[in-house]
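Structure first, then comments.
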Amino acid sequence: MIRLSGKQLLAYGLLLLFFQRSFCDSLQDMEKERLMHPKFKDVDTTKRVLQRPGEDTHEFWLNQGKDFVRQQKNRQLNNNIAKNIIMFMGDGMGVATQVAARNYIEAEHTKLAFEEFPYLGLSKTYCVDKIVSDSATTATAYLCGVKGNYGTIGVNGHVLRDDCVGMNNTDYHVSSIAKWALDAGKSAGLVTTTRVSHASPAGVYAHTANRNWETDADINKYCGQDHGLQDITLQLMQGNVGSQLKVIMGGGKSFFLDEKLYENGYRTDGRNLIEEYLQQSPGNAFVETREELENLDVTKWQRLMGIFHDNHLDYHLDAAADPLNTQPTLEQMTAKAIEFMQQQKEDKGYFLFIEGGKIDFGHHDTKARLALDETKEFSQAIALARAMTSEEDTLIVVTSDHSHTFSVAGYQDRGSDIFSLSTSDEDGLPYSPLSYANGRSYSKYFDANKSERVDPSLVLQNEAHDIFPATVPLYAETHGGEDVGVFSSGPWAHLFTGVYEQNAIPHMMAYAACFGDGLKACDVLSGQSRN
């Protein structure tokens, strides 16, 4: 019999304790790992419906991968000069929105129209003074090529928000790619589902220290009566760029009219800017309904302005459900805008800015269904634009200004409704895989008195205006700070690959179209410049 000393027994005991703890820790780690990737419900494989025939075979996926390599290998660079540029901007359309929209439209493996484009990059959306930016300063970046401060449009970083004096200093003004195109003899225009004086479209033509200064009444509150500054809508009508735009379509009629001239008018300067526009030229067309837009003969007019709502246009789902609705869809406005641009007598090409603006509004209200439907509408407009134009001479760039705190969580079955609920293995309640990091809906989903979640099936009604869960209570859900996608097709579309600053986008578009004061493709191709 082996006798152990006291020290040996102690060492043996400590060693045994170490192995016991290590074994227990390993079991805990394994259990923790299992819980990280739970199987919320068993899948009956005998009833499983494959999304595509063959997905359960390795040949399906191997062949798909090989086909993609062949596609990429055979892709030819398009080094033509871009005669036309169409920029589509999905306001607030982050990558998570795209993922959810695929399922909303059809299925996970399908693609939005712009996801079929051959080239993709990522742009960094921060601005001079904020990590997470807004639609105003991002518009300055992706349209003017310069980053500015939060809430400002068409001015550089010297101008802070509400800075009346700085705004008045034209040395701080920056011009948009629309101005560069006009200087090159091209036409320019804008289409939006928001007010035409809203932050994103205003980036095409305006210079302002506050995105909210859309009427004289707005700017007078901050800068007094004798400021000598033009509000955003007035800049659209009389500014150097706004007055030359061939196409202006969207909402915001109230911002054109004095409150004494129109029941819903917001102006206080006694003006009717729509009437002033019509008096400028007999060639200026104005429409207010879908029918008027559809019936317009584009060959008979020099300019086209369509204002289809007092404020922002209605959500597509609301408009479609309203038998009295008269507003056009984004797809219909896009079709008429391109048709109008294509018949311009100058025939030197055009720059057209088209915004799906209400994706952003849906997210701010944590109304994911509305945001996803607006993304669908946005995709359909892009598909139409690509069908109406040629990749040989038209560069189409699709991007977003910023993301949102919207997320798509796990673990739903393939083919399930993107709005369907899963069940938490922690509190046993259903939860929505679609949610927000913050927003007004917080109180709808958390009972503060009981310190517990509210069953989301009691909140969600499968309706257009359903609100989805938010983690932190805020009046409105915020933007997100991650990079956003930039999708491109047409001449020099390959320039838009990589990760780059958002303000690089207009410089690349101008390079492809050979205008502006930066590098130009035509100079390089002719051997005039190698820089």
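The values are calculated or read from the model by the stated rules, or taken from the named source; none is laboratory data. Fair warning: this is a prediction, and the values are worked out from it, not measured in the lab. Ideal geometry is used to build each Cβ from the backbone, glycine not excepted, and the neighbour counts take in all protein chains shown. What goes into the accessible areas is simple: the full protein's heavy atoms, side chains included, and nothing from ligands, DNA or RNA. Shrake-Rupley method; radii C 1.70, N 1.55, O 1.52, S 1.80 Å.
Could you sort the peptides 255-265, 187-197 by per-residue average Cβ neighbour count (10 Å cutoff), highest mean leading? Could you put the intermediate results ahead of the total?
Details: 255-265: 17.5, 187-197: 27.3.
Most protected by this proxy first, the peptides run 187-197, 255-265.
Keeping every protein chain present and rolling a 1.4 Å probe, give me the accessible area per residue for the chain in Å². Don't jump to the answer; show the numbers that get you there.
Values: 25300 Å² over 531 residues.
Heavy-atom accessible area per residue stands at 48 Å².
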Restricting to lysines and to Cα separations under 21 Å from residue 124, and discarding same-chain partners fewer than 8 apart, the set is 147
Rounded to the nearest 20 Debye, what is the dipole magnitude of the chain about its Cα centre when Lys and Arg each give +1 and Asp and Glu each give -1 at the C-beta? 1680 debye
Place +1 on the Cβ of every Lys and Arg and -1 on the Cβ of every Asp and Glu in the chain, take the dipole about the Cα centre, and give the residue among 207, 272, 146 whose Cα lies farthest towards its positive end. 146
Given H placed on each backbone N at 1.01 Å, which residues far from residue 251 in sequence or on other chains put an amide H within less than 5 Å of it? 194, 195, 196, 308, 313
7 Å from Cα along Cα→Cβ at both residue 416 and residue 70: what's the point-to-point distance in nm? 3.6 nm
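Would you please put 311-321, 353-363 in order of how densely packed they are, using the mean number of other Cβ atoms within 10 angstrom per residue and starting with the highest? Mind showing how you got there, number by number?
Details: 311-321: 18.0, 353-363: 28.1.
By packing density, highest mean first, the sequence is 353-363, 311-321.
Let me know the number of lysine pairs in region 323-460 closer than 16 Å at the Cα, not counting same-chain pairs under 8 apart.
Details: 358/367; 358/376; 367/376; 367/444.
Taking the Cα cut-off of 16 Å, the pair count is 4.
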Mean shadow area of region 405-506 over all directions, Cα convex hull, nm²: 9.9 nm²
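Number of Lys-Lys pairs in region 158-268 under 29 Å by Cα, sequence gap 8 or more or different chains?
So the count works out to 6.
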Need the full-extension length gain, residue 263 to residue 294, defined as separation in residues times 0.36 nm minus the C-alpha distance. One decimal, nm. 8.4 nm
Tell me, in nm to one decimal, what length is gained between residue 437 and residue 464 on full extension, where the rule is 0.36 nm per residue of separation less the Cα-Cα distance? 7.6 nm
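With a Förster radius of 35 Å, plug the Cβ-Cβ distance of residue 324 and residue 388 into 1/(1 + (r/R0)^6) and report the FRET value to the nearest 0.05. The partial results should precede the final answer.
On the way: r = 30 Å, r/R0 = 0.85.
Using R0 = 35 Å, I get an efficiency of 0.75.
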Label-point gap, in nm, between residue 226 and residue 449 - each point 7 angstrom along Cα→Cβ: 5.9 nm
If a/c stays under 1.5 just call it rounded; otherwise compare a/b with b/c (prolate if a/b is bigger, oblate if not). Do that for region 143-254, with a ≥ b ≥ c from the square roots of the Cα gyration tensor eigenvalues. oblate
At q = 0.07, 0.09 Å⁻¹, base-10 log of I(q)/I(0) for the chain (Debye sum, equal scatterers on each alpha carbon): -0.46, -0.71
For helix 95-105, what angle does its Cα long axis make with the longest principal axis of the chain, in degrees from 0 to 90 and rounded to 10? 90 degrees
With the crude spin-label approximation of a point 7 Å out along Cα→Cβ, what separation in nm comes out for residue 499 versus residue 457? 4.2 nm
To the nearest 10 degrees, the tilt of helix 6-36 (Cα long axis) against the first principal axis of the alpha carbons of the chain is 40 degrees
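Ignoring ligands, DNA and RNA, what percent of the accessible area of the chain is carbon or sulfur (1.4 Å)?
Details: 13080 of 25300 Å².
Of all accessible area on the chain, carbon and sulfur atoms account for 52 percent.
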Residue among 416, 518, 451 farthest towards the positive dipole end of region 386-519, charges placed on Cβ: 451
I'd like the FRET efficiency for residue 59 and residue 120, computed as 1/(1 + (r/R0)^6) with the beta carbon distance as r and R0 of 22 Å, rounded to 0.05. 0.20
What's the angle, to the nearest 10 degrees (0 to 90), between helix 135-144's Cα axis and the longest principal axis of the chain? 60 degrees
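Let a ≥ b ≥ c be the square roots of the eigenvalues of the Cα gyration tensor of region 173-214; is it rounded (a/c under 1.5), or, if not, prolate (a/b larger than b/c) or oblate? Before the final figure, lay out the partial values.
On the way: a/c = 3.82, a/b = 1.48, b/c = 2.59.
It is oblate, given that a/c is not under 1.5 and a/b is not larger than b/c.
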Students often check this: by mean Cβ neighbours within 10 Å, which of 218-228, 390-400, 504-514, 300-310 ranks highest, and how do the rest follow? 504-514, 390-400, 300-310, 218-228
Could you give the length gained on full extension between residue 171 and residue 522, defined as 0.36 nm per residue of separation minus the Cα-Cα distance, in nm? 123.4 nm
I need the calculated FRET efficiency for the pair residue 275 and residue 311, taking r as the beta carbon distance and R₀ as 22 Å, to the nearest 0.05. 0.65
Note, region 448-458: 3J(HN,Hα) by Karplus (6.51, -1.76, 1.60, θ = phi - 60°), whole Hz, Gly/Pro = x, goes 5, 5, 9, 6, 8, 5, 8, 4, x, 5, 7
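Kirkwood Rh over alpha-carbon pairs of region 111-179, then Stokes-Einstein at 4 °C and 1.567 mPa s: what D in µm² s⁻¹, rounded to an integer? Walk me through the numbers before you get to the answer.
Working: Rh = 13.0 Å.
So the translational diffusion coefficient is about 99 µm²/s.
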Residues whose placed amide H lies under 5 Å from that of residue 355, excluding near-sequence neighbours: 89, 191, 192, 193
